[in-house]
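The structure under discussion appears below in the form of structure tokens.
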Amino acid sequence: MEKNAVLIKKFLTDGSAYNVIGKWIFALLILFGISYFGTKYPTPVILLVSAAGFITFWFFYGFWAGFLGALMFFTAVVIILITAGIIYEIFGY
């Protein structure tokens, strides 16, 4: 568990060019996935992302910080879905 936490923290804080590009691609894929599936099935996507925030913050900072992580991820996914809905209405992708 400790070894995994060290590896994850190293991945998140490493500033090499390949790592930064990889993180951007990963983030864009997650953003596209959330906006695409979220406009079709909003409730499960919001619940999954909130659960991911809870687990992530619980893993790094403790149980009670998990609720803050869930709230932050929930807010972020709602903003993403509202933006994706507006884009969908304008462009009709």
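The values are calculated or read from the model by the stated rules, or taken from the named source; none is laboratory data. The structure displayed is predicted, hence computed values, not measured ones. No Cβ is skipped: glycine too gets one built from the backbone with ideal geometry, and neighbour counts run over all protein chains shown.
Quick notes on this one:
- Selection within the stretch 37-67: residues that are without any contact (Cβ under 8 Å) to a residue 12 or more places away in the chain and farther than 22 Å from N4 by Cβ. The member of this set that is nearest to the chain's Cα centre (by Cα) is L47.
- Look at (1) closer than 30 Å to G92 by Cβ; (2) modelled with pLDDT under 85; (3) surrounded by 14 or more Cβ atoms within 10 Å (Cβ to Cβ) and you find that F74 fails only one, number (2).
- Verdict on I82 being hydrophobic (A, V, I, L, M, F, W, C), at pLDDT 85 or above and over 14 Å from the mean Cα position of the chain (by Cα): yes
- Among the residues listed as I30, I21, I34, the single one being closer than 14 Å to I79 by Cα and surrounded by 10 or more Cβ atoms within 10 Å (Cβ to Cβ): I34
- Within the stretch 68-93, the residues that satisfy the criterion of being in a helix (DSSP H, G or I), among the small types (G, A, S) and more than 23 Å from V6 (Cβ to Cβ) are A70, A76, A84, G85.
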